[in-house]
Amino acid sequence: MKNGIHPSYQQTEVACACGKNFTVGSTMNKTIKVEVCFNCHPFYTGKQKLIDSAGRVDSFRRRTEIAKEIELLKKKSAKKKHMTDEAEEEETSSVLSEETAAVEEIETENTSEAETSEEVTAAKKEKKPAAAKAKKAPAKKKA
């Protein structure tokens with residue numbers, strides 16, 4: 001082994017959660033804290049000891065219940081939003097139907113006005129070709 005590159009090896013105190021303290025060889029300088037040791041481990045003692053598994057299960061159940069409540073709240077809010085969207089759609093459809101009725105009335109008025117204006121323009125067009133022919137005829141004679 002090379003000198004000066006390895007940590008020092010010394011006796012270190014180990015403290016278990018059950019209250020047992022013992023000494024082991026380690027490179028750590030401070031006390032080692034463990035939850036289970038040879039004095040309280042079920043393999044060595046033959047007794048079964050539950051280690052906070054009930055608390056983990058309870059916390060899991062709480063989390064799942066909270067998640068379900070949140071999901072229900074989201075569904076309710078989405079349903080309310082959908083209900084308000086439907087109400088808005090009904091309102092806008094009624095407004096649109098009123099607007100389309102007004103537009104149709106205006107269009108019918110415009111078409112009747114357009115028909116009269118078309119009749120007037122058609123009459124004017126009939127008069128223009130005769131006047132244009134009269135003007136063109138003398139021009140041809142000059143040429």
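Structure notes:
- Qualifying residue in the stretch 108-128 (condition: at pLDDT 70 or above and either over 30 Å from Ala17 (Cα atoms) or charged (D, E, K, R) (or both)): yes
- Remark: pairs (first residue in the stretch 1-20, under 18 Å from Lys33 (Cα atoms); second residue among the small types (Gly, Ala, Ser) and surrounded by 10 or more Cβ atoms within 10 Å (Cβ to Cβ); Cβ separation under 7 Å; 6+ apart in sequence or on different chains) = Thr12/Ser26.
- Residue pairs meeting the criteria (Cβ under 7 Å; at least 6 apart or on separate chains; first on the phi < 0 side of the Ramachandran plot and aliphatic (A, V, I, L, M), in the stretch 75-89; second surrounded by 10 or more Cβ atoms within 10 Å (Cβ to Cβ) and modelled with pLDDT of 75 or more): none
- Residue count for the stretch 28-44 satisfying the condition of being part of a loop (DSSP other than H, G, I, E, B) and closer than 16 Å to Gln11 by Cα: 4.
- Residue within the stretch 39-48 that is loosely packed, with under 10 Cβ neighbours inside 10 Å, at pLDDT below 70 and not aromatic (Phe, Trp, Tyr) present: yes
- Matching entry among Gly19, Gly25 (being outside any loop (DSSP other than H, G, I, E, B), loosely packed, with under 10 Cβ neighbours inside 10 Å and modelled with pLDDT of 85 or more): Gly25
The values are calculated or read from the model by the stated rules, or taken from the named source; none is laboratory data. It should be emphasised that the depicted structure is a prediction, and the values quoted were computed from it without experimental measurement. Note that each Cβ is placed from the backbone with ideal geometry, even for glycine, and that neighbours are counted across all protein chains shown.
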